[in-house]
Structures are given as C-alpha cells and as structure tokens.
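Below you'll find the structure, written out as structure tokens, and then a few comments.
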Amino acid sequence: MKVCITSKGDSPESAAENRFGRTPFFVVYDDETGEVIEAINNTNANNASGVGPMVVQMLVSKGINVVVTGQVGGNANKGLEVAGIPTYAFGDAKTVADAYAAYKAGTLTRIV
C-alpha cells in the first residue's frame with residue numbers, strides 16, 4: 001500500500017505541507033516496509049485553476065492508496081472520495097516523518 005504525505009520538500013525530514021493541491025511535493029511511503037519509495041514533484045501546484053482534481057488524477061495514476069495532508073479543498077475532496085482514497089489530516093505533525101508516524105499510530109482524523 002502506498003501512503004503519500006504533502007510536503008514542502010522531497011524527504012521525510014521536510015516540513016509537512018498544509019495544502020493538498022498546491023503542495024510542492026508528495027513523499028510516498030511503502031506502508032509494508034515503512035520506507036520512502038518516491039518523492040513526486042507536484043507539477044500542477046502553480047496552475048491557475050482546477051489543481052485539486054488534476055492532482056487527484058495524478059495520484060490515482062501513481063497507485064496511491066492513502067493521503068495524509070493538512071487540508072483539502074472541495075473539488076479535491078470530491079475527487080479523492082470518488083477515487084476511494086482515504087485522506088487524513090496530519091494535525092500537529094511538523095515533518096513528513098512525524099505525519100507518517102502519526103498515521104501508523106492511528107491518531108489522525110480522517111477528512112475524506
């Protein structure tokens with residue numbers, strides 16, 4: 001299973017990013033091994049409009065199973081729901097690694 005976390009950078013030590021569609025990166029963990037398997041550069045982040053649905057489509061094409069982020073806009077929320085991708089708010093997590101640890105501990109609130 002692939003768990004992706006919105007991030008300001010491309011590593012687990014990077015700050016977690018509150019914005020889903022406008023995040024600079026998605027750091028992807030293999031949930032079976034706990035290892036980072038990919039950092040996805042969000043090339044849609046600076047588009048004028050329609051970012052949320054475009055990002056959802058990109059994550060679906062990458063086989064993402066779970067999203068951990070700060071907040072999700074309305075159109076992205078609908079897209080994630082239709083795609084069947086559970087989405088969680090990372091709460092007080094400061095880094096990507098903190099957000100993943102909180103996800104694994106089961107302490108995050110589901111938002112989609």
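The values are calculated or read from the model by the stated rules, or taken from the named source; none is laboratory data. Everything numeric here is computed off the predicted structure, so don't read it as measured data. We place every Cβ from the backbone using ideal geometry, glycine too, and count neighbours over all the protein chains shown. The protein model used for the area step is the full one, side chains on, heavy atoms only, and it has no ligands, DNA or RNA in it. Shrake-Rupley method; radii C 1.70, N 1.55, O 1.52, S 1.80 Å.
Using a cutoff of 8 angstrom between alpha carbon atoms and counting only pairs six or more residues apart, the relative contact order for the chain works out to 29 percent.
Full extension of the chain between Ala45 and Thr33 yields a length gain of 1.4 nm, computed as 0.36 nm times the residue separation minus the alpha carbon distance.
Potential lengthening of the chain between Asn18 and Lys94 amounts to 26.4 nm, from the contour at 0.36 nm per residue minus the alpha-carbon distance. Only Lys, Arg, Asp and Glu carry charge here, each on its Cβ (+1 for the first two, -1 for the last two); on that basis the chain has a dipole of about 420 debye about its Cα centre. Counting only DSSP beta bridges whose two residues both lie in the stretch 1-101, roughly 65 percent are antiparallel.
Entry note: the stretch 29-109 has Rg to Rh equal to 0.95, where both radii use alpha-carbon atoms and Rh is the Kirkwood radius.
In plain terms, the C-alpha convex hull of the stretch 68-112 casts an average shadow of 3.0 nm² when viewed from every direction. With all protein chains kept in place, the per residue accessible area of the stretch 15-82 amounts to 49 square angstrom at a probe of 1.4 angstrom. Summed over qualifying helices (DSSP H, 4 residues or more, each -39500 (n - 2.57)) and divided by its residue number, the chain shows a 222 nm mean residue ellipticity of -8000 deg cm²/dmol.
Accessible area of Glu35 (1.4 Å probe, protein heavy atoms only, ligands and nucleic acids ignored): about 110 Å². Of the solvent-accessible surface of the stretch 46-108, computed with a 1.4 Å probe and all protein chains present, 49% belongs to carbon and sulfur. Within the straight-line cut-off of under 15 Å between alpha carbons, the aspartates and glutamates reachable from Lys8 are Glu17, Glu38, Asp98, sequence neighbours fewer than 8 places apart in one chain being disregarded.
Modelled this way, with points 7 Å down the Cα-to-C-beta line, the labels at Glu81 and Val60 are 1.5 nm from one another. All other residues whose Cβ lies under 15 angstrom from that of Val96 are scored, Lys and Arg at +1 and Asp and Glu at -1, for a net of -4.
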